[in-house]
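Structure first, then comments.
All of the numbers you see were taken from the coordinates with simple rules; none came from a lab. All of these numbers come straight from a predicted model, not from anything done at the bench. A quick note on method: Cβ atoms are made from the backbone with ideal geometry, for glycine too, and the neighbour counts reach across all protein chains shown.
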Amino acid sequence: MSVVGLRCRECERAYPAEALHVCEDCFGPLEVAYDYAAIGKALSRAVIESRPMNIWRYRELLPLSAPPTLGLHVGGTPLVRAHRLGEALGHRQLWVKNDAVCHPTLSFKDRVVSMALNKARELGFDTVACASTGNLANSTAAHAAQAGLRCYVLIPNDLEAGKVMGTSIYGPNLVAVRGTYDDVNRLCSEISGRHPWAFVNVNLRPYYAEGSKTYGYEILEQLGWRTPAHVVVPMASGSLLTKIGKAISEMTKLGLVAAEGVTKLHGAQPEGCSPIADAVAGRGIIKPVKTPHTIAKSLAIGNPADGPYAVEAIRASGGSTAVVSDAEIVAGIRLLAATEGLFTETAGGVTVAVAKVLIARGLIHPDEPTVICITGQGLKTQEPLVAVMPPPPVIAPRIEEFESLLASA
Ligand SMILES: *Cc1c(COP(=O)(O)O)cnc(C)c1O
Ligand SMILES: [Zn+2]
């Protein structure tokens, strides 16, 4: 296969492809390194197009050393040409990449988890675990059930009912922690020092993160092997945005897409937790947010692991960021539903609302191809909508009552 090993992102020291994530010399994060010359010989548009529509059609660019054994139907989600949303936002070249319907747990986290759990199996782990803001919990529990692996999932104790049930149904050992996501994550780092488990976003993070590249590959292929001028990406740890950037540069380097100018990477965060957006607007240094307050709980990471790399990727691409309020998030969810018939979770509301701001500010030109990244499903986060969505009128099963309802409307 095409994996050379792991490499430190800071000092480039090489490591074997094992369950390692930090450099012993400089404490920098490790990343998977590939033999791109070999990949270039094996991979062409025709080869990719001949394979089933799931993430494994890009297998040479993914970090497994053997064929995948689980998560075989992940990815291949629709890229929707969004005419009516575009009209509402004053934009003429708009697409929505819709991972609200990603198989099997309805968020883009299925891409990263299938990568991590296949790797966990390759490395011989019998127990997998994660710290999660919700969607990762859903996906880790589901994939572990499919694999028959023991599973521990740790979440903050204030998650939405849909996220909690969407985890517990698969039968993992689910633990709710009194604290923020960052508290949960710290606890998981400690646990991983004592128990020989595969933590998908701690010791398997280099493999996990590579799964996000498939979201980017699919966008490029579905645009007809072209790069968009802009993508608007929701940010929690900042990993998805960074890896979409990596996907674009890899496909350009391999000649799978024409180099048509740089794709601007725009980052979206909620007002109540915006450490990456604040760093881009300021001096580029991440200042951790101690107590996030936002309805976009899936984005509520106060101390983002990939924050500095996301800042760098946004700046290098000429992209920008914006932050939006809870009210704007709800409006974003409703606008996407009313114009495109797509129901996204709160994170998607952030992305739509931020796209609206960036178009209004002239940072996204209305005639340049633009992709809005919808990463999760609205049915999981109904709590903030209950207060604003009126219940339907109730009538008796009689035509007179229906007619009087029509007349009063
Ligand atoms: C986790 C998550 C994100 C952000 O992911 P990062 O790679 O950590 O930035 C975006 N949207 C949804 C729905 C998520 O669950
Ligand atoms: Zn290093």
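The charge dipole of the chain, taken about its Cα centre with unit charges on the Cβ of Lys, Arg, Asp and Glu (plus for the first two, minus for the last two), comes to roughly 520 debye. Between 0 and 90 degrees, the angle of helix 239-253 with respect to the longest Cα principal axis of the chain falls at about 60 degrees.
Kirkwood analysis of segment 304-409, using all unique Cα-Cα pairs, places the hydrodynamic radius at 16.6 Å. For the chain, leaving out every one of the GluC sites (Glu not before Pro) that falls in a DSSP loop and has at most 15 other Cβ atoms within 10 Å, the longest unbroken run is 25-259.
Projecting the Cα atoms of Ala88, Cys8, Ser65 onto the dipole axis of segment 1-112, where Lys and Arg carry +1 and Asp and Glu carry -1 at the beta carbon, places Ala88 farthest toward the positive end. Using only Cα coordinates, the Kirkwood hydrodynamic radius of segment 267-352 works out to 13.2 Å. Using only alpha carbons, segment 303-360 has a radius of gyration to Kirkwood radius ratio (Rg to Rh) of 1.05. Checking every one of the trypsin sites (Lys or Arg not before Pro) in segment 1-60 against DSSP loop status and a limit of 14 other Cβ atoms within 10 Å picks out Arg13. 3J(HN,Hα) along segment 147-164: 7, x, 9, 5, 9, 10, 10, 10, 9, x, 7, 10, 6, 5, 4, x, 6, 6 Hz, from the Karplus curve 6.51 cos²θ - 1.76 cosθ + 1.60 with θ = phi - 60°, whole Hz, x for Gly and Pro.
Rg/Rh for segment 109-210 to two decimals, with Rh computed the Kirkwood way over all alpha-carbon pairs. Checking Rg against Rh, the ratio lands at 0.93. Which one, Ala360, Gly332, Pro393, is farthest towards the positive end of the dipole of the chain when Lys and Arg carry +1 and Asp and Glu -1 on their Cβ? Ranked along the dipole, the leading option is Ala360.
A convex hull fitted around the alpha carbon atoms of segment 1-129 yields 171 Å³ per residue. In this Cβ point-charge picture (+1 for Lys and Arg, -1 for Asp and Glu), segment 63-218 has a dipole of about 220 debye about its Cα centre.
Relative to the longest principal axis of the Cα atoms of the chain, the long axis of helix 109-122 lies at roughly 30 degrees. The angle separating the long axis of helix 346-360 from the principal Cα axis of greatest extent in the chain is about 80 degrees.
In the calculated pair-distance distribution of the chain, the portion above 35 angstrom amounts to 24 percent of the Cα-Cα pairs. Taking only the Cα atoms of segment 146-185, the ratio Rg/Rh comes out at 0.99, with Rh defined as the Kirkwood radius. Among Ile372, Ile48, the order by Cβ neighbours within 10 angstrom, fewest to most, reads Ile48, Ile372. Build a GNM of the chain with springs between Cα atoms under 10 Å: which of Lys253, Lys163, Lys380 gets the top mean-square fluctuation? Judging by the Gaussian network model, the answer is Lys253. The shape of segment 226-369 comes out oblate: with a ≥ b ≥ c from the C-alpha gyration tensor, a/c is at least 1.5 while a/b does not beat b/c.
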